[in-house]
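Q: The structure's right below; bear with me while I get my questions together.
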């Protein structure tokens, strides 16, 4: 009995001495860099910095943010892939994997092999709003108005998910609305406020000040859950338009051939960082919500978004550019 007890104690001590899988590889050994495809001060940048601070404390190594803005996140992704650095991660929305393949015939990276999903970090809320001058109170009202006045209403959307979601919705609903394009979306907010644009589909946080000033009316958020920043606004599914549902998730991506155990351990660390209530409160203030699950959850999100974007591209007849 004494021998068995001693053996059990020895085994327990040995197991306790084994570090977590990623730590067994001594990672990180130095500063970790997060490449972000948007400029400083954007919601994606702020989210990356909030997680970076907490991961730095957990890892005992500095985490620095490198902003590499550029169209379709191409500059950031190319920098990340070509760097081949095992202490650099990409913090990005899903577009480089889900949207870029339908926009570009050739990419300077392999979306499936070069960008390895690790874990999601947050949801970025997207909304559909109408100018107050239109006198529309709901999505049903907008659809009825658009059908009654084909070609009369116009719309604008930021590139990426908002544009794809609203274009796909119009196709499925048989609506004829005129698209107005902006090189810089900033003037669109003034135009929708003053009634020159009928409908705007873009980030919720940028529309909230206009809604509170009575300039626009928010009809729905495209995400599957309501936004903590505007809980009174229904989701697309709640409003009766599930075809408009799409989540603007953001998360961490690793390099090609990233060790599976390291990938899992970083996911564990991100979930631990996400549990901080202060992080959740700060994300809510910039139109985000915490969303940190498992690696498998993140892969499933990406695949779902990829399939939806591809279906919309086919429906609207979008052809990749050479």
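Q: Name the residues in segment 49-99 that are within 19 Å of residue 281 (Cβ to Cβ) and free of Cβ contacts under 8 Å to residues at least 60 places away in the same chain, would you?
A: Quick first cut of segment 49-99, residues within 19 Å of residue 281 (Cβ to Cβ) only: 49-55, 57.
Correct list: 49, 52, 53, 57.
Q: Filter segment 245-269 for residues that are over 20 Å from residue 56 (Cβ atoms) and either under 15 Å from the mean Cα position of the chain (by Cα) or outside the structural domain of residue 111 (by TED's automatic domain parsing) (or both) and give the result.
A: 245, 246, 247, 248, 249
Q: Here is a follow-up. For segment 212-230, what are the residues that are more than 27 Å from residue 307 (Cα to Cα) and modelled with pLDDT under 95?
A: Scanning segment 212-230 gives 228, 229, 230.
Q: Something else about it: Would it be correct to say that residue 146 is in contact (Cβ under 8 Å) with a residue 24 or more places away in the chain, in contact with a helix residue (DSSP H, G or I) (Cβ under 9 Å, 6 or more places away or on another chain), surrounded by 13 or more Cβ atoms within 10 Å (Cβ to Cβ) and under 28 Å from residue 322 (Cβ atoms)?
A: Values: in contact (Cβ under 8 Å) with a residue 24 or more places away in the chain: yes; in contact with a helix residue (DSSP H, G or I) (Cβ under 9 Å, 6 or more places away or on another chain): yes; surrounded by 13 or more Cβ atoms within 10 Å (Cβ to Cβ): yes; under 28 Å from residue 322 (Cβ atoms): no.
When the stated conditions are applied, residue 146 does not pass them.
Q: Now, a different point. Taking segment 174-206 on its own, how many of its residues are more than 24 Å from the chain's Cα centre (by Cα), surrounded by 14 or more Cβ atoms within 10 Å (Cβ to Cβ) and assigned to a helix (DSSP H, G or I)?
A: Number satisfying all stated conditions: 3.
Yes/no per residue for (1) closer than 22 Å to residue 232 by Cα; (2) modelled with pLDDT of 95 or more; (3) outside any helix (DSSP H, G or I):
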site	(1), (2), (3)
110	no, yes, yes
114	no, yes, yes
117	no, yes, yes
122	yes, yes, yes
142	yes, yes, no
145	no, yes, no
159	no, no, yes
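Q: Can I ask one more? Tally the residues that are closer than 19 Å to residue 126 by Cα, in contact with a helix residue (DSSP H, G or I) (Cβ under 7 Å, 6 or more places away or on another chain) and part of a helix (DSSP H, G or I), restricting the search to segment 38-65.
A: Selection size over segment 38-65: 2.
Q: Listed residues 229, 272, 239, 278; which is more than 27 Å from residue 84 (Cβ to Cβ), in contact (Cβ under 8 Å) with a residue 60 or more places away in the chain, in the same structural domain as residue 58 (by TED's automatic domain parsing) and surrounded by fewer than 22 Cβ atoms within 10 Å (Cβ to Cβ)? Walk me through it before giving the result.
A: Values: 229 fails: in the same structural domain as residue 58 (by TED's automatic domain parsing); 239 fails: in the same structural domain as residue 58 (by TED's automatic domain parsing); 278 fails: in contact (Cβ under 8 Å) with a residue 60 or more places away in the chain.
The unique qualifying residue is 272.
Q: In addition: Would you confirm whether any residue within segment 54-64 is surrounded by fewer than 17 Cβ atoms within 10 Å (Cβ to Cβ), at pLDDT below 95 and more than 28 Å from residue 314 (Cβ to Cβ)?
A: No, that holds for no residue.
Q: Right, next: Being more than 17 Å from residue 90 (Cα to Cα) and modelled with pLDDT of 95 or more: is that true of residue 296 here?
A: yes
Q: Still on this structure, I have one more. Quick check on my filter: what residues within segment 66-93 are surrounded by 17 or more Cβ atoms within 10 Å (Cβ to Cβ) and in a strand (DSSP E or B)?
A: Passing the criteria: 67, 88, 89, 90, 91, 92, 93.
Q: Another one. Of the residues in segment 152-171, how many are in contact with a strand residue (DSSP E or B) (Cβ under 6 Å, 6 or more places away or on another chain) and surrounded by fewer than 20 Cβ atoms within 10 Å (Cβ to Cβ)? Show your work before the answer.
A: First pass over segment 152-171, keeping only residues in contact with a strand residue (DSSP E or B) (Cβ under 6 Å, 6 or more places away or on another chain): 154-158, 161-163, 166.
From the residues that got through so far, the ones that are surrounded by fewer than 20 Cβ atoms within 10 Å (Cβ to Cβ) too are 154, 158, 163.
Result for segment 152-171: 3.
Q: Kindly list the number of the only condition in (1) in contact with a helix residue (DSSP H, G or I) (Cβ under 8 Å, 6 or more places away or on another chain); (2) not in a loop (DSSP other than H, G, I, E, B) that fails for residue 33.
A: For residue 33, the exception is condition (1).
The values are calculated or read from the model by the stated rules, or taken from the named source; none is laboratory data. Model, not experiment: these values are computed from the prediction. Note: ideal-geometry Cβ built from the backbone for every residue, glycine included; neighbour counts use all protein chains shown.
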